[in-house]
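The values are calculated or read from the model by the stated rules, or taken from the named source; none is laboratory data. Quick caveat: nothing in here was measured; it's all calculated off a predicted structure. Heads up, the Cβs are rebuilt from the backbone with ideal geometry, glycines too, and the neighbour counts pull from every protein chain shown. Note: areas computed on protein heavy atoms with side chains; ligands, DNA, RNA excluded. Shrake-Rupley method; radii C 1.70, N 1.55, O 1.52, S 1.80 Å.
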Amino acid sequence: MKKIFTLLALLTLLSSGVYAQNTDSLKVRYDYFSQYLSPEKLYLHIDRNIFTPGETIWFKGYLENKSYQSVMPTSNYVYVELLRDTIVSRVLLKKSAEGFAGQMVLPDDIAPGEYILRAYTNWNKNLPAEYMFYSKIQVVDSEGISVKDATKKIPDLK
């Protein structure tokens with residue numbers, strides 16, 4: 001019985017040393033990630049969500065690193081794209097004293113419908129798409145009626 005108790009005490013002491021090494025290793029890996037690999041987070045503030053062809057989308061971007069321990073500099077450029085099935089328009093914003101402020105002029109011949117405004121940095125392209133900023137915008141015709149709403153208002157002639 002004395003041998004079993006001694007063996008259990010010895011195993012307990014050895015396993016606690018292994019646990020301490022694992023937590024130290026985990027802390028080192030977390031610190032490395034926080035300092036060198038933590039992703040940038042971008043938010044784009046737009047003036048509104050409904051536009052007509054030829055109007056200007058005004059926006060301002062805010063970029064932060066998700067970790068307060070990060071030693072990596074934040075990006076100096078932000079890409080902003082307007083998407084439907086393909087890229088309709090793209091602008092490149094350079095960092096200024098105000099952050100990332102800019103605008104995108106919608107083409108005069110843009111079709112009414114729902115579009116996606118996407119913003120990202122070069123660093124974001126290394127990560128899954130969820131790390132990019134996305135916002136839905138609606139483009140309506142000059143009378144303020146979208147294609148979807150216009151088809152609902154056409155009376156059935158049967």
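Among Leu37, Leu63, which is the only one that is modelled with pLDDT of 65 or more, aliphatic (A, V, I, L, M) and closer than 23 Å to Tyr134 by Cα?
Exactly one of Leu37, Leu63 is modelled with pLDDT of 65 or more, aliphatic (A, V, I, L, M) and closer than 23 Å to Tyr134 by Cα, namely Leu63.
How about the range 90-143: which of its residues are open to solvent by 20 Å² or more (accessible area, probe 1.4 Å), without any contact (Cβ under 8 Å) to a residue 40 or more places away in the chain and under 16 Å from Thr56 (Cβ atoms)?
If the condition is that a residue be open to solvent by 20 Å² or more (accessible area, probe 1.4 Å), without any contact (Cβ under 8 Å) to a residue 40 or more places away in the chain and under 16 Å from Thr56 (Cβ atoms), then Arg90, Val91 are the ones that fit.
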